[in-house]
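Written below as structure tokens is the structure these notes are about.
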Amino acid sequence: MARTVIIEEAGGPENMKLVDREMGEPGPGEIRITHKACGLNFIDVYQRTGLYPLELPHALGMEAAGIVEAVGEGVTHLKPGDRAAYAATPPGAYSEARVMPAAQVCPLPDGIPFEDAAAIMLQGMTVEYLFHRVWPLKKGDTVLFHAAAGGVGLLACQWARSEGVTLIGTAGTDEKCQLALDMGATACINYRDRDFVPEVEKLTDGAGVDVVMDGVGKDTFDASLDCLKPLGMMISFGNASGPVDPVSLLTLASKGSLKLTRTTLFTFLADHDRCQDMARHVFSKVESGAVKVNIGQTYPLAEVAEAHRALEARETTGSTVLMP
Ligand code: NDP
């Protein structure tokens, strides 16, 4: 049996329940893993509220780190006793232990503590694909990155600095802006106080940015298009403020032949070898010191509802970890 957070109905944080669940033995292509730390991500909120529907009842959580206890037939990249970490489907990581598909589970280097791994697998591999696979950024490029003091955001600030990329961040308070600057943002705009479009214009001497990376969604999408250079790239990757309204393709033409994509990490993780490569890239950034893990808050697993409430209320900075 393993204590596991489930929902029976979509809704508020109070809908999450901690229950005892049977685990069973791993089948072909599966492992059993005991979790030492679990990650909290905004996608967990979308699944809880029903924006990203799950077949109910369902366990929640997409990310954790721990020790492999048993492996099923055909699993060759992990063995019992290995330290491991993952961002993976299906949801079920908010638990003491689970049986799950092995393909997206990655061997964890000894030098990276479980809490740090649980904080960076999903958010770190997100920055990895945004910076290297969707729109490979080059030294000297300029990116506008929304919610720069959040989990994905603080990793992006540091990753950008390590690659010689100019990152203009946005964040909801002056304190959050300062944190983003400390972590490597070249500039950070408090977008609750100020319209970020003229600020970006000033910061880029009227040129605009090469790419926008927008996990905020509804509140920032339209104005973000006005921050791009002609031929620039709009990457929408989240909906923290709500899903983006439908976009007219003609808008992309009139604003300078812009490119637009709506990405999800799980497309990139679907290929086993690519997933393992992405994890190794994240681990190497951490081990080299280029990227520091920022765990802004830690909660016992039993207090997961409070953790969700804080994330949705914009009270968190950096990553949030749940301790089973
Ligand atoms: P964050 O830690 O960044 O938290 C979300 C932040 O969004 C808040 O702290 C807040 O920062 C900002 N925000 C702006 N408006 C709102 C609002 N109305 N309600 C709540 N928050 C708001 O979360 P994550 O690092 O987990 O994720 C960041 C975004 O990236 C999310 O949208 C997430 O879904 C997305 N994501 C997408 C992935 C993909 O592959 N598609 C993978 C990983 C994450 P502030 O107060 O500074 O505005």
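The values are calculated or read from the model by the stated rules, or taken from the named source; none is laboratory data. These numbers come from a predicted model, not from an experiment. Counting neighbours? That spans all protein chains shown, and the Cβs are built from the backbone with ideal geometry, glycine included. To get the accessible areas, we keep the full protein, side chains included, count just its heavy atoms, and leave off ligands, DNA and RNA. Shrake-Rupley method; radii C 1.70, N 1.55, O 1.52, S 1.80 Å.
One table, with the values for the structure above:
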quantity	calculated
Listed residue (Asn239, Ile33, Val165) projecting farthest to the positive dipole end of the chain, Cβ model	Val165
Rel. contact order, % - alpha carbon contacts under 8 angstrom, at least six apart, the chain	18 percent
Amide proton proximity set for Gly169, modelled H, under 5 Å, gap of 5+	Phe145, Thr186, Ala187, Cys188, Ile189
Cα centre as origin, Lys/Arg/Asp/Glu Cβ charges: the range 1-116 dipole, Debye	80 debye
For the range 193-204, Karplus couplings with θ = phi - 60° (6.51, -1.76, 1.60), whole Hz, Gly/Pro x	8, 9, 6, 6, 5, x, 5, 5, 4, 5, 5, 10
List Lys229, Lys285, ordered by accessible area with a 1.4 Å probe, largest first	Lys229, Lys285
Under the Karplus curve 6.51 cos²θ - 1.76 cosθ + 1.60, θ = phi - 60°, whole-Hz ³J(HN,Hα) for the range 66-82, x wherever Gly or Pro sits	x, 10, 6, 9, 7, 10, x, 3, x, 8, 10, 8, 9, 9, x, x, 5
Integer Hz, Karplus 6.51/-1.76/1.60 couplings in order for the range 126-133, x for Gly and Pro	5, 4, 4, 6, 5, 7, 10, 10
Relative contact order for the range 233-286, counting Cα pairs under 8 Å that sit 6 or more residues apart, in percent	40 percent
Trypsin sites (Lys or Arg not before Pro) lying in DSSP loop within the range 134-180, provided at most 16 other Cβ fall within 10 Å	Lys138, Lys139
Mean separation of Cα contacts under 8 Å, 6 or more apart, over the residue count of the range 139-262: relative contact order %	20 percent
Exposure rank, largest accessible area first [Leu228, Leu181; 1.4 Å]	Leu181, Leu228
The chain - mean residue ellipticity at 222 nm from DSSP helices (-39,500 (n - 2.57) per run, n ≥ 4, rounded to 500)	-8500 deg cm²/dmol
Rounded FRET efficiency, nearest 0.05, which uses the C-beta distance separating His272 from Ala223 and R0 of 51 Å	0.85
Average projected area [Cα convex hull, the chain], square nanometres	15.5 nm²
Chain lengthening between Ser284 and His58 when straightened (0.36 nm per residue, less Cα-Cα)	78.0 nm
Count of Lys pairs (Cα-Cα under 16 Å; at least 8 positions apart or interchain) in the chain	4
Antiparallel %, DSSP beta bridges [both residues in the chain], to 5	55 percent
Accessible-area composition of the range 1-86, carbon plus sulfur, in percent [1.4 Å probe]	49 percent
Neighbourhood charge, 12 Å Cβ-Cβ cut-off, centred on Glu96 and excluding it, Lys, Arg +1 and Asp, Glu -1	+3
Accessible solvent surface per residue of the chain, calculated while the other protein chains remain in place, 1.4 angstrom probe, Å²	41 Å²
Assigned charges on the beta-carbon of Lys, Arg, Asp, Glu; the chain dipole about Cα centre (debye)	580 debye
Net charge dipole size for the range 139-262 [Lys, Arg +1 and Asp, Glu -1 on Cβ; Debye, nearest 20]	300 debye
Span from the the range 81-152 Cα centroid across to the the range 1-53 one, whole angstrom	17 Å
Per-residue SASA entry for His272, accessible area with 1.4 Å probe, Å² rounded to 10	60 Å²
Kirkwood-type radius of the range 139-262, with distances r between different C-alpha atoms, in Å	14.1 Å
Lys/Arg +1, Asp/Glu -1 at C-beta; the range 139-262 dipole; positive extreme among Gly208, Leu155, Leu260	Leu260
Charge dipole (the chain, unit charges on Cβ, about Cα centre) - positive-most of Pro109, Val45, Thr186	Thr186
Paramagnetic label zone (point 7 Å from Cα along Cα-to-C-beta, Lys139; backbone N under 16 Å) in the range 153-192	160-167
